[in-house]
1. Cα axis of helix 22-40 to longest principal axis of the chain: angle in degrees, 0 to 90, nearest 10?
2. Along the Cα→Cβ direction, 7 angstrom out, place labels at Ser7 and Arg23. What is the inter-label distance in nm?
3. Step through the residues of the stretch 117-124 one at a time and calculate ³J(HN,Hα) from phi using the Karplus curve (6.51 cos²θ - 1.76 cosθ + 1.60, θ = phi - 60°), rounding each to whole Hz and writing x for Gly and Pro.
4. With everything on Cα atoms, drop me the angle between helix 46-82 and the longest principal axis of the chain, reported from 0 to 90° to the nearest 10.
5. Could you run the Karplus curve 6.51 cos²θ - 1.76 cosθ + 1.60 with θ = phi - 60° over the stretch 126-131 and give me ³J(HN,Hα) per residue in whole Hz, x for Gly and Pro?
6. With P(r) over Cα pairs in 5 Å bins from 0, in percent defined as stated, name the option among [x] 2, 9, 20, 24, 23, 15, 6, 1; [y] 1, 6, 9, 10, 7, 6, 5, 4, 4, 4, 4, 4, 4, 4, 3, 3, 3, 5, 5, 5, 3, 1, 0; [z] 1, 8, 15, 17, 18, 16, 12, 7, 4, 2, 1, 0 computed from the structure displayed.
7. Does anyone have the angle between helix 2-18 and the longest principal axis of the chain? Alpha-carbon axes, 0 to 90°, nearest 10?
8. PRE reach from Ser73 (point 7 Å along Cα→Cβ): which of the stretch 29-64 fall under 17 Å by backbone N?
Amino acid sequence: MKTGLLSAVNASAATFWNGRNERERTILRVGAAALATLLVYAIFFGPALGGRQKLSEALPGLRQQAAEMQALSKQAAELSTGGAAEAPPLSQETLAASFASRGMKPQTLAVTDDMVRVQLNPVSFAGLLEWLDDQQKVSHLTVVDANFIALPQTDMVNATLTLKQQRSGE
């Protein structure tokens, strides 16, 4: 079936071609060559040249962004190496004052070098977390050990914490 259809198309094309004089055949050949050239350009070369032009237009902006990123990364590296503020020295008085400012009174508070051991009975868990967040930012204290006992009242706990002050070299 396919060969019959193909032979019918070939016979039809041969009849059409043989029915043309030499001038018409030349015009058809030139038209077919021009059409083939346009198709090759439209499929292969046009998109490539258009993309190249878009990239060349975008390149100066991309170079500027890359330079800005390098400057920002250099600035961030400088800030991270030398910009860390030294934490104030720990003292029992400053910690007791910070607890008092939050309405908390520790049962025991012991400060040795860069370690703090504190016991709070009873205390608001949310308030304690806010105090820990504040102390992490201000005094660079991190939790080494924590023990919480939930109380029947909502948001109330008994807490025992061991904290360590991080030095800038650690």
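The values are calculated or read from the model by the stated rules, or taken from the named source; none is laboratory data. Quick caveat, the model's predicted, so the values are computed rather than measured. Every residue, glycine among them, receives a Cβ derived from its backbone with ideal geometry; neighbour counts consider all protein chains shown. Keep in mind that these areas ignore ligands, DNA and RNA; they rest on the heavy atoms of the full protein, side chains included. Shrake-Rupley method; radii C 1.70, N 1.55, O 1.52, S 1.80 Å.
1. For 22-40 against the chain, the angle is about 10 degrees.
2. Spacing of the two 7 Å Cα→Cβ label points: 3.7 nm.
3. Rounded to whole hertz, the list is 10, 9, 10, 10, 9, x, 8, 5.
4. Once rounded, the angle reads 10 degrees.
5. Here the 3J(HN,Hα) series is 5, x, 5, 5, 5, 4 Hz.
6. Computed from these coordinates, P(r) over Cα pairs in 5 Å bins from 0, in percent corresponds to label [y].
7. Helix 2-18 sits roughly 60 degrees off the main axis of the chain.
8. Correct set: 62-64.
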